[in-house]
Amino acid sequence: MTSTDGTNNVVVWGIGCEGDQRLHGFDGDTGAAVFKGGGASELMAGTRHFNTAIAARGRIYVANDNKVYAFTVP
């Protein structure tokens, strides 16, 4: 989960593990999709249940199968 100031503009992030293998973001207030996995180059191969992402310095990082994926998201 990220927000602009710890309270406002909350986005809940999830990984489409064993599904579309993409990063997804949802508005914390409405549940509306705000990020739908990006383009073809943003596919994360081999995601599994319990993969966890971390938000740091304006990016979302996901580690998986000896790779680290970094997403710059709106």
What is the distance, in nm, between label points placed 7 Å from the Cα along the Cα-to-Cβ direction at ALA56 and at LYS36? 3.1
Under 5 Å between amide H atoms, partner at least 5 residues away or on a different chain: which partners does TYR69 have, H built in plane at 1.01 Å? VAL62, ALA63, ASN64
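Once you list every other residue whose beta carbon is under 10 Å from the beta carbon of THR47, what net charge do they have if Lys and Arg are +1 and Asp and Glu are -1?
-1
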Scalar couplings 3J(HN,Hα) for region 9-23 by Karplus 6.51 cos²θ - 1.76 cosθ + 1.60 (θ = phi - 60°), nearest whole Hz, x for Gly and Pro, are 6, 6, 10, 9, 9, x, 10, x, 4, 6, x, 7, 6, 10, 7
Kirkwood hydrodynamic radius over Cα pairs of the chain, then Stokes diffusion coefficient at 25 °C and 0.890 mPa s, in µm²/s: 194
Please calculate how many Å² of accessible area the chain carries per residue, with a 1.4 Å probe and no DNA, RNA or ligand atoms counted. 67
Over the chain, with every protein chain in place, what whole percent of the accessible area is carbon and sulfur at 1.4 Å, could you tell me? 52
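The values are calculated or read from the model by the stated rules, or taken from the named source; none is laboratory data. Since the model is a prediction, treat every value here as computed from it, not as a measurement. Every residue, glycine as well, gets a Cβ built from its backbone with ideal geometry; the counts of neighbours run over all protein chains shown. Calculation scope for accessible area: heavy atoms of the full protein, side chains included, ligands and nucleic acids excluded. Shrake-Rupley method; radii C 1.70, N 1.55, O 1.52, S 1.80 Å.
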